[in-house]
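Single-structure report; data block below.
Rule-based calculations on the coordinates, nothing more; no lab input. Please read these numbers as outputs of a predicted model, since none were measured by experiment. Cβ sites come from the backbone with ideal geometry, for glycine too, and all protein chains shown count toward neighbours.
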Amino acid sequence: MAYVIGVDFGTLSGRAVLVNAENGFIAAQCVADYPHGVDTTQGPGWALQDPMDYLVVLEKIVPPLLVQAGILPQEVAGIGWDVTSCTMLPALADGTPLCNALGFEGHPHARIKLWKHLAASPQARRIEEAAQGTGLLDRFGGKVSSQWMLPKVLQILEEAPEVYEAADLFLEVADWLTYVLTDSLRRNSCCAGFKAFWEEETGYPQEFFAGLDPRLSNLSRKLRGTVLPPWEAAGKLNEEWARRLGLLPGTLVSAGVIDAHAGLPGSGVAQSGTLLMAMGTSTCHMIFDEKLHTIPGICGTAKDSVLPGLWTYEAGQACVGDLLDWFVKNQVPARETERAGHEGLDIHQYLSREASELPPGSGGLLALDWWNGQRSPYVDDRLKGMMLGLTIRTTPAQQYRALMEATAYGTRLILETFEKGGVEIRDVTACGGISQKNPLMLQIYADVLGRPIRIAREEQTTAFGAAILAAAAAGVHEAPAQAVRAMTAPPEIIYFPDTERGAQYDALYAEYRTLAEYFSGINQVMHRL
């Protein structure tokens, strides 16, 4: 019997699962927080990390798996991981993080720039302007996000040219981990295709890089490395890391994959027509299709980036779980927290219970869910959140529900954008922490979308998806899609829409669309502010 390990490196923590590679049974799992978390002290929009945190967490969560399950290292056929993206790191030629190199210790621009580092927004706007008419943005909805590789590299070049020159490599953390653990410089097609303008037929657009700034004429060299799809082997564990992880040298390592995208196989999605919402701090909306469609406002599409023969489409909302977390930390009176504590509930559970007793649009509230910029379909980091209709009688529960509803409206706008662009959506599946922990929110989504929402069975969906791809890379199954079918099971929980509430939400959503169109284009007040 063969086992595989899947590791999910999220925003604040890493989690690992040990999975039976034949039937998908999860034999053990482990989780650990990054010791240093996220550093936002450098200014607005900055989000940095310590690369050593990833290695520390890896050593904490992988060795216990074998002990928990009582299996031997030789029973592990492979290991794979997913990582947030674009989460990038400048490094030396041997993979040493530049922030650990002499003369660059602790330099902000030499550290990891997390996916939600938005300080490269001015660079993103300039790249977008320069790319107009070139066809470069056809696969990306005509927009450039500050979260991507090129804006972050350009920010480094302009604000710290010494860092750019000293960096031999700019690596997605997913690929840096592959390099460190296998000594093989391999990049994954998921990150490269979605975040760095890479295409299988043409590679990176070096001519565009050089035209943007002559100093970028060597950027393709700094992005070098064989690009592989996530279901292929990127290398084998070297002796040092095999020892540190309690595995055998030569254990197969599959190419990396974007965290949310690993949720597709992890949720049992191996065909076109099923939209997956990976719901956590942010929400990523993904769907397969057999054809290439050019869809304004959709963040990107790439072929063979998750499963062979399929185009993966991605859209998203930059602030979902983070929005509710911001609210409870900054806007909820102490008396509400005390009441929750007296009833043995955390504040999210308490507010969800109170909000569940309220009707749609309670208190006349309507919000725009742009607390961390607007990702799809407007792709504008300068847009901000708002709540309309506040009075001196507005309650925390009403506001909490209004924020949930706003994120549901944002998702409906994304679905309508997909369908307008020619991508058929036959059903909707959800995965991620929110889908497992917040029934009210999922019911609101079902009512707003007017569609049933199926919940993926595995709680650690992305780590599970990384394990499935590792099983495919190890050859346990004949094809990646077959691995998905063999290792996943149908959803057990389904949220069905309520017709009466749905009619109310239709009216509220029309108002949301009016506000969104006004503030995203008609009145640029959010930009000016």
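For segment 364-452, calculate the relative contact order in percent as a whole number, restricting contacts to Cα pairs under 8 Å that are 6 or more residues apart.
27
Any of Lys60/Lys222; Lys152/Lys291; Lys236/Lys303; Lys116/Lys420; Lys116/Lys222; Lys113/Lys236 with alpha carbons more than 24 Å apart? Name them for me.
Beyond 24 Å: Lys60/Lys222; Lys152/Lys291; Lys236/Lys303; Lys116/Lys420; Lys113/Lys236.
Can you bin every Cα-Cα distance in the chain into 20 Å intervals starting at zero and give me the percent of pairs per bin, rounded to whole numbers?
23, 57, 20, 0
From the helices alone, meaning DSSP H stretches of at least four residues, give me the mean residue ellipticity at 222 nm for the chain, per-run term -39500 (n - 2.57), in deg cm²/dmol to the nearest 500.
Using -39500 (n - 2.57) per qualifying helix, the result is -11000 deg cm²/dmol.
Using alpha-carbon pairs under 8 Å, 6+ residues apart, how would you state the relative contact order of segment 1-129 in percent?
Result for segment 1-129 is 27 percent.
Just grab the label-to-label distance for Glu207 and Gln74, each label 7 Å out from Cα along the Cβ direction, in nm (one decimal).
According to this spin-label approximation, the distance is 5.6 nm.
Compute the relative contact order of the chain as a whole-number percentage, counting only Cα pairs closer than 8 Å that sit 6 or more residues apart in sequence.
17
What's the exposure ranking of Lys303, Lys60, going from fewest to most Cβ atoms within 10 Å?
Exposure proxy ranking, most exposed first: Lys60, Lys303.
Once you have a ≥ b ≥ c as the square roots of the Cα gyration tensor eigenvalues for segment 96-249, tell me rounded if a/c is under 1.5, and otherwise prolate or oblate according to whether a/b is larger than b/c.
Oblate, since a/c reaches 1.5 and b/c is not below a/b.
Which of rounded, prolate, oblate describes segment 264-319, given a ≥ b ≥ c as roots of the alpha-carbon gyration tensor eigenvalues and a/c under 1.5 marking rounded, otherwise prolate only if a/b is larger than b/c?
oblate
Around Asp39, what is the net charge, scoring Lys/Arg as +1 and Asp/Glu as -1 over all other residues with Cβ under 10 Å from its Cβ?
Local charge sum for Asp39: 0.
Please report Rg (one decimal) and Dmax (integer) in Å for the Cα set of segment 441-529.
Computed over the Cα atoms of segment 441-529, radius of gyration and Dmax are 20.4, 56 Å.
Extension gain Gln132-Ala27, at 0.36 nm per residue separation less the Cα-Cα distance, in nm?
So the extension gain works out to 32.8 nm.
Share of antiparallel DSSP beta bridges in the chain, in percent to the nearest 5?
Here the share of antiparallel DSSP bridges comes out near 70 percent.
Could you pull out which residues in segment 278-322 have an amide N less than 13 Å from a spot 7 Å beyond the Cα of Arg426, following the Cα-Cβ vector?
288-290
Can you bin segment 191-334 into rounded, prolate or oblate? Criterion: square roots of the alpha carbon gyration tensor eigenvalues sorted a ≥ b ≥ c, rounded for a/c under 1.5, prolate for a/b above b/c, oblate for the rest.
rounded
Can you order the peptides 77-86, 435-444, 108-117 by their average number of other Cβ atoms within 10 Å per residue, highest first?
Per-residue Cβ counts within 10 Å, averaged per peptide and sorted highest first, yield 77-86, 108-117, 435-444.
Going by how many other beta carbons lie within 10 Å of each one, how would you line up Leu58, Leu529, fewest first?
The fewest-first ordering by Cβ neighbours comes to Leu529, Leu58.
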